[in-house]
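Reviewing the structure listed below.
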Amino acid sequence: MLTRNDFPSDFIWGTATASYQIEGATSADGRLPSIWDTFSKVPGAVVGGHTGDIADDHYHRFREDVALMADLGVDAYRFSLAWPRIQPSGSGPVNQAGLDFYRRLSEALREKGITPWVTLYHWDLPQPLEDRGGWLERDTAYRFAEYTAHAVRGLGDTVSDWITLNEPWCSAFLGYGSGHHAPGRHEGSRSAHAAHHLLLGHGLAMQEIRSALPEAQAGITLNLYSVRPASDSPEDADAARRIDGLSNRLFLDPVLRGFYPEDVLDDLGETRWFAENAPQSDLDLISAPSDFLGINFYSRHTVSASAAVSAEVSTDAAGVAASVEAPSAYPGSEDVVFVGSGAARTLMGWEIHPDAMLDVLDMSHERAPELPLYITENGSAWEDSVGPDGEIDDIERTQYLADHVQACHDAVARGLPLRGYFAWTLMDNFEWSWGYTRRFGLVHVDYETLERRPKRSGLWFAGFLGGPLATPDGTGVTVSQM
Ligand code: FCB
């Protein structure tokens, strides 16, 4: 059975969360609304009308959550700062109470020997900035840099690992394209402008981090997918080129190589806008050296140019089946069909392909051979049930976790510079447009009482890590292939 001892001793094991998904306390201590506060209250936007108003109430229970992580035995905890706590209007004065919360959290983690990894932006844009155009406006990138300067100056003595953005693909194409995420706009290919402004924001934020904290480690987190054609026809190969372009290359190439892929701008019909609005000086900022690349890995896409290829239509990256009501998250490539490959799926409808983790590591490594890589998110949603003894026997999630840990081991054995893995997620939480109906946690949350209870997957992770929650023989829970 694999344990952490089979990995290099400095390999980092952690869990990840995001502010709006867990914190609750949305009007405490000077916090003002973000786009997710607004969006979640739009009828029909989120399943069941759920909102993050209470979520896991982590804002008030963070000490309990830190203790849980210590029991699991993790080295690091990746969480995000809520911009609307730190700079509630998105510009102007800093709210010291907001910074103080994250200082308390960071110090509580450090007391338990857990390293804080901070994401500056995990989708909760202050609403006043959206009212001025949001990420479709270039100015938002400068506002993000200004907020970053406040955050790194306020917390830099206790946090030394920084991630600028989480998954700009989702912010741009689910937020401004399909509208499945906040702010819920339908701007077609203009959503690519949001992608550029997000990446510019990353570049400007990196500058702020470098100047305030020369010793800090900093980078961006992208959601990457292995993309395969459904057949060897030239049409399906082109469909795969398009989806790989929009999902992966549109972000990897500017960040790691300093240019936008021309074929993708052409597919989008945005070549001219980028020529006029994304000058080389922007790309120099965007591609300035990072200390690592964070990768969120969940699944693999199989795509076809023709709906006739398979009756089994799959779901896209938002976990949303292709639907006539919502515009596509792939502007200019609306006709591409996501098909099933027959592999098992999670409750999100995402196919399970642990080996495809190697594909996304390879595509990153190829572009930046020296760059350390981290899996900053990986996990799965299942229909959990609480047994009569109160236990949550989430065998599928445990197996998913074990198989992806094995994939990390294969990556390290192949010589890829993979330096850490963060499981998504510490505890069940607000899963964006799915509300509380999709549980990804290693720890179960009872939304009536807010009681936390480690699931079998959490116990397995503790066994793997040698954390205090491991079973007495030190092996944790075993699963079939480990
Ligand atoms: C990722 C998000 C994260 C969570 C997981 C399931 O796209 O970064 O917040 O929702 O998916």
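The values are calculated or read from the model by the stated rules, or taken from the named source; none is laboratory data. As the structure is a prediction and not an experimental result, all values here were calculated from the model. Here the Cβ is made from the backbone with ideal geometry for all residues, glycine too, and neighbour counts use every protein chain on show.
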Anything in the stretch 2-46 that is more than 24 Å from Leu68 (Cα to Cα) and assigned to a loop (DSSP other than H, G, I, E, B)? List them, or say none.
Pro8, Ser27, Arg31, Leu32, Pro33, Lys41, Val42, Pro43, Gly44, Ala45, Val46
Tell me, yes or no, whether the stretch 47-56 has at least one residue that is surrounded by 24 or more Cβ atoms within 10 Å (Cβ to Cβ), in a helix (DSSP H, G or I) and modelled with pLDDT of 95 or more.
no
So how many residues does the stretch 95-136 have that are within 16 Å of the ligand (Cβ to nearest atom), assigned to a loop (DSSP other than H, G, I, E, B) and not charged (D, E, K, R)?
3
Might you let me know whether the stretch 157-165 holds any residue that is modelled with pLDDT of 95 or more, crowded, with 19+ Cβ neighbours inside 10 Å and small (Gly, Ala, Ser)?
no
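Condition check ((1) within 30 Å of Asp53 (Cβ to Cβ); (2) in contact with an Asp or Glu (Cβ under 9 Å, 6 or more places away or on another chain)) across all residues:
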| residue | (1), (2) |
| --- | --- |
| Pro372 | no, yes |
| Ile375 | no, no |
| Ser380 | yes, yes |
| Glu391 | yes, no |
| Ala402 | no, no |
| Leu418 | no, no |
| Met427 | yes, yes |
| Gly435 | yes, no |
| Gly441 | yes, yes |
When the stretch 414-430 is checked residue by residue, the ones that are out of contact with any Ser or Thr (no Cβ under 7 Å at 6 or more places or on another chain) and over 29 Å from His365 (Cα atoms) are Met427, Asp428, Phe430
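Taking helices (runs of 4 or more DSSP H) that do not extend beyond the stretch 212-300, which have at least 1 residues that are closer than 16 Å to His193 by Cα and of a type outside the set (Val, Ile, Thr)? Outline the logic, then answer.
On the way: elements: 234-244, 262-268, 271-277, 280-286.
Of the helices (runs of 4 or more DSSP H) lying wholly inside the stretch 212-300, those with at least 1 residues that are closer than 16 Å to His193 by Cα and of a type outside the set (Val, Ile, Thr) span 262-268, 271-277, 280-286.
Yes/no matrix, rows are residues, columns are (1) crowded, with 22+ Cβ neighbours inside 10 Å; (2) under 23 Å from Leu252 (Cα atoms); (3) more than 15 Å from the ligand (Cβ to nearest atom):
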site: Pro354; (1), (2), (3): no, yes, yes
site: Leu358; (1), (2), (3): no, yes, yes
site: Asp389; (1), (2), (3): no, no, yes
site: Tyr400; (1), (2), (3): yes, no, no
site: Leu418; (1), (2), (3): yes, yes, yes
site: Trp432; (1), (2), (3): yes, no, no
For the stretch 428-448, indicate whether the set of residues that are assigned to a loop (DSSP other than H, G, I, E, B), aliphatic (A, V, I, L, M) and within 17 Å of Gly379 (Cα to Cα) is non-empty.
yes
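Residue by residue, here is whether (1) polar (S, T, N, Q); (2) within 16 Å of the ligand (Cβ to nearest atom); (3) under 20 Å from the mean Cα position of the chain (by Cα); (4) closer than 20 Å to Phe430 by Cβ holds:
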position	(1), (2), (3), (4)
Pro84	no, no, yes, yes
Pro93	no, no, no, no
Asp139	no, no, no, no
Phe144	no, no, yes, no
Gly154	no, no, no, no
Asn166	yes, yes, yes, yes
So is Leu426 within 17 Å of the chain's Cα centre (by Cα), crowded, with 23+ Cβ neighbours inside 10 Å and more than 13 Å from the ligand (Cβ to nearest atom) or not?
no
Is one or more of the residues making up the stretch 153-174 over 14 Å from Leu200 (Cα atoms), without any contact (Cβ under 8 Å) to a residue 24 or more places away in the chain and not hydrophobic (A, V, I, L, M, F, W, C)?
yes
Single unsatisfied condition, Val320 versus (1) modelled with pLDDT under 95; (2) within 16 Å of the ligand (Cβ to nearest atom); (3) at negative phi; (4) surrounded by 18 or more Cβ atoms within 10 Å (Cβ to Cβ):
(4)
Hey, can you tell me all the residues within the stretch 15-39 that are among the acidic types (Asp, Glu), away from the ligand (no atom under 14 Å from the Cβ) and either at negative phi or within 21 Å of the chain's Cα centre (by Cα) (or both)?
Asp37
Which residue pairs have Cβ atoms closer than 9 Å, lie 6 or more positions apart in sequence or on different chains, and pair a first residue in the stretch 369-383 that is in a loop (DSSP other than H, G, I, E, B) and of a type in the set (Gly, Ala, Ser) with a second residue that is within 9 Å of the ligand (Cβ to nearest atom) and modelled with pLDDT under 95?
Ala381/Gly319
Residue tally, condition of a type in the set (Asp, Glu) and free of Cβ contacts under 8 Å to residues at least 24 places away in the same chain, over the stretch 243-253
1
Within the set of pairs 6 or more residues apart or between chains, which connect a residue that is crowded, with 23+ Cβ neighbours inside 10 Å inside the stretch 254-268 to a residue that is modelled with pLDDT of 95 or more and of a type in the set (Phe, Trp, Tyr) with Cβ atoms less than 6 Å apart?
Pro254/Tyr260; Tyr260/Phe274
